[in-house]
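What follows is one structure encoded as structure tokens, with my remarks underneath.
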Amino acid sequence: MVREGKLSWLTHDLTHRGVTAWLLTVLLTGFYLVLYYTEVFTSVARAIGLDSKWTFYGLVYTSAIVVGGIFVLRKYRHNRYQVVRTSVVMFVQAVFAFSIPAILKFFHQPEYYFSYFWPLKFDDFVPGTIFHLPLVYILYSFLGSLLLVPVLGIFFGKRWYCSWVCGCGGLANTAGDPLRHLTSKSSAAWKFEKIAIHTVLTVCVALTALLFVTWGVGNRAPALARFTSGFQTFYAFLVVAMLSGVVGAGLYPIGGTRIWCRNFCPMAALLGLVQKFGRFRITVKDNMCISCGLCSKYCEMGIDVRSYAQANQSFTRASCVGCGLCAEVCPRGVLRLENVRRRHPQELALVQISPARGGSRVAI
Amino acid sequence: MRYVIIGNGVAGTTAALTLRAREPEAEITMISGESDYFFSRTALMYAYMDRMTLRDLEPHERKVFAKQRIDLVRDWVVDLDATERTLRLKSGKTIAYERLLLATGSLGTRLDWPGLQSAKEGVVHFVTLDDLAQCERVTPSTSEAVVVGGGLIGVELVECLAFHGKKVTYLVRSPWYWPGALAMEESEIITEHIRRHGVDLRGTEEVDEVLLGADGRVRGVRAKSGAEFGCQMLGIAIGVSPAVDWLRTVKTPPKIERGIRVSPSFETSLPAVWAAGDCAEFAQDGEWVVEQIWYSAKRQGELAARAMLGDRVRYEPPIFYNSAKFFEIEYTSTGSIGKPPEGSRTFFCRIPGKEASVRIVEQNGAVVGVNMLGARWDHTFFERWITERRSMDYVVNHLREAQFDVEFARVEIAAVEASYKQWRSPVSS
């Protein structure tokens, strides 16, 4: 039941797909389209002394994370995991994703984002781009993407990146926090997620391979070069501009905060696979779940956490970004994020388990 | 085989899914008058506080029931004929069964306070979907509310009303909040916490009379102490009772006392009729008891289904445990709590800087109960230690293993250990 009062009506409407939520969606998607395809924000940027519309966008984005983050820090101040995690994600955004690139640019150095890696930051792996950078950047990009990301993923799960470092997760977990419950929990949405995200990953890997081949072949195959360049433009338009920007952030008030991360991000797909083989899991306390459903409701990745909790089944889902909100909202303290040495094979099973105790399994 | 289950709560639904898992061909029908689909009653408060929709309370996707071929009937059962093995529904339909499970749950306990019978508006309970609808209907026309009953449902209703900005008076019969589960020290922490949320919590107050306005709406309650508390909404949360009254007047009633009397394998006094969950009353250590907790209903539902399938089942309730949340303070309890048993000794310590405490009760050299406030603990460790009859020393030394708090927020066990040392041998320090 909605609390009485005009302000309560507004917050409810904004966070429950009401009229104002749709209006906000139109505004947000419009903002992205204007940003990508017009120069309106170039003049805005100049007016406030910034060099480009992208720096302006970075400033807006970082401000959203910082302001939203302050609210989140207050809201979850009793939960130290949330306090530490939110502080880190705010810090990384403000320093690594905004200040350092801006400073580098000011000193006419390459504008490099140290908090992004392949396959999310695709450009850093394009031979034509990366090999023009100083060796330090090349090493950072390759070792970071191919070694640091998966190794940390094995030890801590994908959360070390997706909810501690990444800017997409940063926005979702700060300014987007009041909208986190909107992500669909249906099994149909889960099916879509699995197909969509692995398709993007496959396309992304194929494109990367193609870029290396094209670079290796050099000028000998102009047709291949044309094809690869077309492919890259297509990927940049569909995946980077549309899915991560317009759809991913624009639809926050309607589809929740992790549309991009859950369904399309190739980095999340890759880390999800790593996570399945790593140490991270959500531990479920035996027979304490009351099936209230707060965990599922507030899961931004659309995981039906309750289905595991009520079946007394600790689990590792590829999509889980380890934000820890399921554990936070649980009124009976049933859930805990853990990095464990050994996991039971059943935790990796994709089959749902019947609510009946004692492991009687039903394919639902 | 044709199975019919009355009640689609956690006991009934768990039983239905257990039956299906074992008997792919059986016909399974589940009847409920309250709701179309199984929902989590324990989460009613979150619907009331706008944190979830009613649909969110449903623990399974709706299509699960079609897929599992569990026929759902929305109706009230009005008659049971165990000789013909039929049920008559309120709509007039008749349903035949071969094996029947009664899983009708419980309802908010009602007492016959003067004035209560004539109240037309403003009296609410907080157990069923209907109760929630009542609460939501009278909320807008309420500015002051009184909640009676010092248990979990009471504090949940209080939290909801406080959320909606009502001036809440919370009347508790005992000198301190929830003496059934909390000792005075823990209760003080909780009481202080509840009061900090603007709730006027009063101990040693018992309702004498419900006061009504000319229109039949509640206008207050008078306590036995003589004090009067004005309100437009009176929440009664003095416990729950098995929802079995309708069964007393059917053609062939099973044996009923407080609840439906069942054997250790959940058989009622009627042939081919079992009962499980909140509505069932069974013998434990020579006493008849009713278990009214979510997990016990779940456990009973599964075991009753297995009994109906022909398994040899002998139900023995495990070591008692429970958990709760009082506004923000979490609580975990295992074993014998409440009144300490004779000859026992109790270690209690408040964790510095937190609304948290640790209580361990030992009897004859073995720990028998643990009561924890303000931090998260894995009760399965406590269960094991109690079963293994571990000493208090052992439990304190291994307390670390049972911690279940979020990362970076583990309670400082060192403080507990230091306090324990001091308590055990105050001279040496």
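Would you list the strands (runs of 3 or more DSSP E) that sit entirely within the stretch B:143-224 and hold 1 or more residues that are away from chain A (no Cβ under 14 Å) and of a type in the set (Asp, Glu)? Talk me through it step by step, then tell me what you get.
On the way: elements: B:144-148, B:167-171, B:200-202, B:207-212, B:218-223.
It comes to B:144-148, B:200-202, B:207-212.
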Members of the stretch B:18-65 that are within 24 Å of B:Leu107 (Cα to Cα) and either in the same structural domain as B:Lys325 (by TED's automatic domain parsing) or among the hydrophobic types (A, V, I, L, M, F, W, C) (or both): B:Met30, B:Ile31, B:Phe38, B:Phe39, B:Ala43, B:Leu44, B:Met45, B:Ala47, B:Met49, B:Met52, B:Leu54, B:Leu57
Test: residue in the stretch A:274-294 that is part of a helix (DSSP H, G or I), under 28 Å from B:Tyr48 (Cα atoms) and within 14 Å of chain B (Cβ to nearest Cβ): yes
Test: residue in the stretch B:176-187 that is at pLDDT 95 or above, crowded, with 19+ Cβ neighbours inside 10 Å and touching a strand residue (DSSP E or B) at 6+ places or on another chain (Cβ under 6 Å): no
Of all residues in the stretch B:198-250 being touching a residue at least 12 places away in the same chain (Cβ under 8 Å) and of a type in the set (Ser, Thr, Tyr), the one that is surrounded by the most Cβ atoms within 10 Å (Cβ to Cβ): B:Ser241
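Rundown of residues vs (1) part of a helix (DSSP H, G or I); (2) in contact with a Lys or Arg (Cβ under 7 Å, 6 or more places away or on another chain), yes/no style:
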{"position": "A:Val34", "(1), (2)": "yes, no"}
{"position": "A:Phe41", "(1), (2)": "yes, yes"}
{"position": "A:Asp51", "(1), (2)": "no, no"}
{"position": "A:Thr55", "(1), (2)": "yes, no"}
{"position": "A:Ser63", "(1), (2)": "yes, no"}
{"position": "A:Val66", "(1), (2)": "yes, no"}
{"position": "A:Val72", "(1), (2)": "yes, no"}
Qualifying positions in the stretch B:229-255 - within 19 Å of B:Pro271 (Cβ to Cβ) and under 21 Å from the mean Cα position of the chain (by Cα): B:Val244
Considering residues of the stretch B:1-32 that are touching a Phe, Trp or Tyr at 6+ places or on another chain (Cβ under 7 Å) and assigned to a helix (DSSP H, G or I) only, the residue surrounded by the fewest Cβ atoms within 10 Å (Cβ to Cβ): B:Leu19
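I want to confirm something. Restricting to the stretch A:45-84 and keeping residues that are in contact with a Phe, Trp or Tyr (Cβ under 6 Å, 6 or more places away or on another chain) and charged (D, E, K, R), which single residue is surrounded by the most Cβ atoms within 10 Å (Cβ to Cβ)?
Initial filter on the stretch A:45-84 (in contact with a Phe, Trp or Tyr (Cβ under 6 Å, 6 or more places away or on another chain)): A:45, A:50, A:53, A:56, A:58, A:62, A:80-82, A:84.
From what is left, the residues that are charged (D, E, K, R) are A:53, A:80.
Numbers: A:Lys53: 20, A:Arg80: 15.
Only one residue fits best here, namely A:Lys53.
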Enumeration of residues in the stretch B:257-292 that are within 18 Å of the chain's Cα centre (by Cα), part of a loop (DSSP other than H, G, I, E, B) and in contact (Cβ under 8 Å) with a residue 40 or more places away in the chain: B:Ala276, B:Gln292
Residue list for the stretch B:318-338, filter: part of a loop (DSSP other than H, G, I, E, B), closer than 18 Å to B:Asp285 by Cα and either within 9 Å of chain A (Cβ to nearest Cβ) or at pLDDT 90 or above (or both): B:Pro318, B:Ile319, B:Phe320
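Specify which of the listed residues (B:Ser91, B:Ser35) is more than 9 Å from chain A (Cβ to nearest Cβ), of a type in the set (Gly, Ala, Ser), in a loop (DSSP other than H, G, I, E, B) and in contact (Cβ under 8 Å) with a residue 60 or more places away in the chain.
Details: B:Ser91 fails: in contact (Cβ under 8 Å) with a residue 60 or more places away in the chain.
When all the criteria are applied, what remains is B:Ser35.
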Residues satisfying the stated conditions in the stretch B:91-107, i.e. crowded, with 20+ Cβ neighbours inside 10 Å and either touching a helix residue (DSSP H, G or I) at 6+ places or on another chain (Cβ under 8 Å) or closer than 26 Å to B:Ser40 by Cα (or both): B:Arg99, B:Leu100, B:Leu101, B:Leu102, B:Ala103, B:Thr104, B:Gly105, B:Ser106
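Look at B:Leu80 and say whether it is under 22 Å from B:Ala297 (Cα atoms) and aliphatic (A, V, I, L, M). Break it down into steps so the answer makes sense when it comes.
Numbers: under 22 Å from B:Ala297 (Cα atoms): no; aliphatic (A, V, I, L, M): yes.
Judged against the criteria, B:Leu80 is not a match.
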Qualifying residue in the stretch B:297-307 (condition: part of a strand (DSSP E or B), touching a strand residue (DSSP E or B) at 6+ places or on another chain (Cβ under 9 Å) and closer than 22 Å to B:Arg258 by Cα): no
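Give the residues of the stretch B:66-81 that are of a type in the set (Lys, Arg) and either not in a strand (DSSP E or B) or not assigned by TED's automatic domain parsing to the domain that holds B:Pro24 (or both), sorted by residue number.
Our first condition is that a residue be of a type in the set (Lys, Arg); within the stretch B:66-81, this holds for B:67, B:69, B:74.
If the condition is that a residue be of a type in the set (Lys, Arg) and either not in a strand (DSSP E or B) or not assigned by TED's automatic domain parsing to the domain that holds B:Pro24 (or both), then B:Lys67, B:Arg69 are the ones that fit.
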2 or more residues touching a Ser or Thr at 6+ places or on another chain (Cβ under 9 Å) and within 24 Å of A:Arg317 (Cβ to Cβ): qualifying helices (runs of 4 or more DSSP H) within the stretch A:107-211: A:167-173
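The values are calculated or read from the model by the stated rules, or taken from the named source; none is laboratory data. If you're wondering where the values come from, they're calculated on a predicted model, not measured in any experiment. In this analysis, Cβ positions are derived from the backbone assuming ideal geometry, glycine residues included, and neighbour counts consider all displayed protein chains.
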